[in-house]
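Each reported figure results from applying straightforward, stated rules to the coordinates on display, with no laboratory input. Please read these numbers as outputs of a predicted model, since none were measured by experiment. Cβ placement follows ideal geometry from the backbone for every residue including glycine, while neighbour counts extend to all protein chains displayed.
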Amino acid sequence: MEAGSEQHSLAEQIEQLGNKIASDFLETVEMLSAVAAAREQYYDSSHSRFVAGNAARLARNLGMNAAEVEEIRIAGLLHDVGKISLPDRILAKRTTEMLPAEFDAYVRHPEAGMRLLECHAKFVSIAEIIFQHHERLDGSGFPRHLRESAIHPGARIIAVVNLYHNAMFRRAKHRDEIDTAAAQLTSTSGYLQSTQHRYGQLMNQINRKAGVLYDRKVVDSFTAMMEAERKSLGDQVVKRLASNQLRPGMKLAEDYYTSYGLLVAARGDSLTETSIDSLLRFAELGEIPVKVLVID
């Protein structure tokens, strides 16, 4: 074999190996994401997908490069994977409702997530972001009580998005009737009206703590992003469509789980040809309803 051919063959082998490693890494991310999603039964929509998607958008808006954005997206997707170590009796409570021993167990979930991931070389930086996502600028966070620039930029982003989704979409007994009614609304204007008070209070709280608990640039960018998103919803119609009537660009208006608890589509996800094909297959198998709720 000529030297040129040998070099070409070696280059092909290296490329194939690189593709295999990348593929294995993504498969591992998907597997861990499914594990994390299985502990999200106390949310009205997919917590990890919301945090991942919006943290990535924030990172792009703040000028981070593609590699940093992807790292933050994966960290957002897996930020609560350490909660697999927590029993349902703790996950069902807000931190203000936990007994001291329960809170002590809860504050260890970032470390549990880091320990799970750090054994894989490609997850080391992601594991550190996950470890820090409950840290606060003034040192009042956990588990290390880090301050300001000692906190990873990705963790500062996830902290804000995580807080928002917890406050807006985590289920609470006194909100059951309100949330059920909101889920039955037939227009996005109705949804915006039903959530405006809670949204306004939360955004005021986040902005008051900018520069104290949360990175001010992150808060400013996130506030602009959420305001633009709510404005863009306008008066769109929410309707149920058969899977074969779905079109790319539509957004799902509720979560869809299989009979064995796997989240196959999350509220807020924008439909693509691939996701529509997946929904069709699950509908044909009887795992999700024939008609799904979408915003058009």
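Extent of segment 214-296 along its three principal axes (Cα atoms, max minus min coordinate, largest first): 48, 29, 18 Å. Based on C-alpha pairs under 8 angstrom that are at least 6 apart in sequence, segment 238-296 has a relative contact order of 49 percent.
Ranking of 84, 90, 126 by neighbouring Cβ atoms within 10 Å, starting from the fewest: 84, 90, 126. Ranked by how many other Cβ atoms sit within 10 Å of their own Cβ, fewest first, the residues 104, 80, 138 fall in the order 104, 138, 80.
Here's how it looks for residue 253: its modeled amide H is under 5 Å from those of 268, 293, 294, 295, which are all 5 or more places away or on a different chain.
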